[in-house]
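Trainee: Below are the structure tokens for one structure; questions will follow.
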Amino acid sequence: MPSPTPARRSRRTDALSAAAIIDAAIAVLDAEGEEALTFRALSNALETGPGAIYNHLANKQEILAAAAHRLVVDALADVPSDPDAENGIRAVMLAFFDLFGAHPWVGTQLSREPWQAALLEMFEAIGTHLEALGVEERYQFTAASSLLNFVLGVAGQRASATRLARDLDRSAFLRDIADGWKDEATAASHPFSCRMADQLAEHDDRQQYSDGVDFILAGITAVAVGEGL
């Protein structure tokens, strides 16, 4: 009796594009994380061979960078315009925070290569608002870098927190840490941390981030805006 003929995998009939590859990569990354992003997984999702993907994006890092860039550009496009420069900066910064919440792997990607395309978009968006705020040009690079570095620190934390959340309850995890800070021995050697323990356990990440942006903006405004006027 002849052996059954193996089912042939369907192949796409339309032309493959870089945009389609990026779409498929984002879907894999959001659903399964960076470890799941392979050329085999993309080939299956796109119904094509790995060679067709290589024609557009040469390796995994290029795909990750392109996917992060796409999401940053899309997030910035959704930020409403605001004639008030400070509000404009806050809106941009919160858009980044929400992006990292929706796509935590972006935070890991942004930490890999300084001044990749996604970071350039972020730096430009922040800097444009700083000009409108009236920050003197000699302070603009430092001011924009301070805000961007704050964003990247939070992005890394969001990526780490997402990995932890797969196995841990966030509230219980933070409460365990807070209880350790309030332990008698720890409290004696780290009194400030002991006093902050309950705030650690109960804080809202987005509100804390927003407050941090306000602290940085207050410093920028105090030092770099309107000097000598």
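Trainee: Quick check on this structure: which one of ALA144, ALA75, ALA132, ALA118 is in a helix (DSSP H, G or I) and surrounded by fewer than 16 Cβ atoms within 10 Å (Cβ to Cβ)?
Mentor: When all the criteria are applied, what remains is ALA132.
Trainee: On to the next question. Among the residues of the range 101-115, count how many are part of a loop (DSSP other than H, G, I, E, B) and more than 24 Å from SER81 (Cα to Cα).
Mentor: Number of matching residues: 6.
Trainee: Of the residues SER160, SER81, which single one is open to solvent by less than 70 Å² (accessible area, probe 1.4 Å) and farther than 26 Å from ARG40 by Cβ?
Mentor: Residue meeting the stated conditions: SER160.
Trainee: Quick one: which helices (runs of 4 or more DSSP H) lie wholly within the range 184-229 and hold at least 3 residues that are open to solvent by less than 50 Å² (accessible area, probe 1.4 Å), among the hydrophobic types (A, V, I, L, M, F, W, C) and modelled with pLDDT under 95?
Mentor: Answer list for the range 184-229: 191-202.
Trainee: Ok, one more. Search the range 15-30 for residues that are within 12 Å of ASN55 (Cα to Cα) and pair each with any residue that is open to solvent by 30 Å² or more (accessible area, probe 1.4 Å) and part of a loop (DSSP other than H, G, I, E, B) when their beta-carbon atoms are under 8 Å apart and the residues are at least 6 apart or on different chains.
Mentor: The qualifying pairs are LEU16/ASN55; LEU16/HIS56; SER17/HIS56; ALA18/HIS56; ILE21/HIS56.
Trainee: Write out, first by first residue and then by second, each pair whose Cβ atoms fall under 6 Å of each other, whose residues are 6+ apart or on separate chains, and whose first residue, in the range 185-198, is at negative phi while the second is open to solvent by 70 Å² or more (accessible area, probe 1.4 Å) and of a type in the set (A, V, I, L, M, F, W, C).
Mentor: SER193/TRP181; CYS194/TRP181; ALA197/TRP181
Trainee: Also: I'd like the full set of residues that are part of a helix (DSSP H, G or I) and either closer than 18 Å to ARG70 by Cβ or hydrophobic (A, V, I, L, M, F, W, C) (or both), limited to the range 33-46.
Mentor: GLU34, ALA36, PHE39, ALA41, LEU42, ALA45, LEU46
Trainee: Return yes or no: is ARG175 touching a helix residue (DSSP H, G or I) at 6+ places or on another chain (Cβ under 7 Å), surrounded by 13 or more Cβ atoms within 10 Å (Cβ to Cβ) and under 23 Å from LEU71 (Cβ atoms)?
Mentor: No, not satisfied.
The values are calculated or read from the model by the stated rules, or taken from the named source; none is laboratory data. Not measured: the values here are computed from a predicted model. All Cβ positions, glycine included, derive from the backbone under ideal geometry; neighbour counts span all protein chains shown. Ligands, DNA and RNA are excluded from the accessible area calculation, which covers all protein heavy atoms including side chains. Shrake-Rupley method; radii C 1.70, N 1.55, O 1.52, S 1.80 Å.
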